[in-house]
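Reviewing the structure listed below.
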Amino acid sequence: MNGSERPIAKAYAPDPARVYDYLFDQKNCYTADRKFGERLLQACPTLQASLWQAHQWVQQSAAMLAADGFTQFVDLGTGIPRVPYLHDTIRAVAPTARVVYVDWDPVVRAHAAALMVRSSGVEFAQVDITDAEDLRHPDKLPQFLDLSIPAVVILESTLEFLSGAKDVVAQLSELFAPGSLLVISHMGSNDVSSRIDQIQKVFDEAGIGFFPRSRDELVTILGGPYFTAADVAPTSAAPVVEPTAKEKPIGASAAQQVAFFGVVARITGARGSEAVSLLHDVVVEAEMAAHQGSWI
């Protein structure tokens, strides 16, 4: 489906980008989004804390990779930007890094233009990442993005809204240069959390496609012939952004939590049979402090 063919988000219907904005305590949402967000929190009271933890893991991972020398970052399916902005986190470590926010949603584009302070080397691109032609169109991504050198490609809470996630990952592995990294946060399926069935039901009743996955399923998605295992050591340069008192989880049991997987994978460009480059494979749980990832 081309970006122009996608349904446009309406104020009277919940939109995932605006719902997540509400769950992050921001104000760029409508009544339908707030009601939907409250239904999600009724299904899983720790969801907001889990989302915060996953967000912080992505922010810290991006900062670590900026400290390791990466200079290009592409945030796919960015959603409505939230403070701290990703480019601010990255540029606190690497001031000349280039950052591109990508989303097909015109709602996101409008908010991105209004909320992000424009600066050289930071741009928004309206691209449908499920459409290979749209993604590869020479006029869609900013000219300062050099696809011949490695980039960090971020998919934060994006793949769980795509039924064709494996195809998207395969397209990315062909678009970005060998040595590029995928940084992915992804909600775990019901073999991880007993709450996920209730969350799934809320999305299903609203007619919103939602596809939480197990670790094995996520590894399968990454299992094209373009990824290989490697290791990225955390650096001391990653900033720690503490959640507010409201966002801090309160002693939830495992049955009440919803888990997110955090994965970093490297694109090799090879056409061999080996699949995945799991640089980091973590489970970010609501009971952890934002700065205490469990690297496993």
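Every number in this text was worked out from the coordinates using simple rules, so none of it is lab data. Bear in mind the structure is a predicted one, so any value in this text is a computation, not a measurement. Using ideal geometry, Cβ is built from the backbone for each residue, glycine included, and neighbour counts are taken over all protein chains shown.
Assorted remarks:
- Cα-based radius of gyration of the stretch 36-118 once divided by 2.2 N^0.38 Å, which approximates compact folds: 1.22
- In this label model, THR31 and ALA110 are separated by 1.8 nm, measuring between points 7 Å along each Cα→Cβ vector.
- Between GLU38 and ALA92, the contour length at 0.36 nm per residue exceeds the alpha carbon distance by 16.0 nm.
- Around the amide H of VAL74, modelled in the peptide plane, lie the amide H atoms of VAL100, VAL152, VAL153, ILE154, all under 5 Å away and 5 or more residues distant in sequence or on another chain.
- The stretch between SER148 and ALA177, if pulled fully straight at 0.36 nm per residue, gains 9.9 nm over its current Cα-Cα span.
- Segment ASP167-ALA67, extension gain: residue separation times 0.36 nm, minus the distance between their alpha carbons: 33.0 nm
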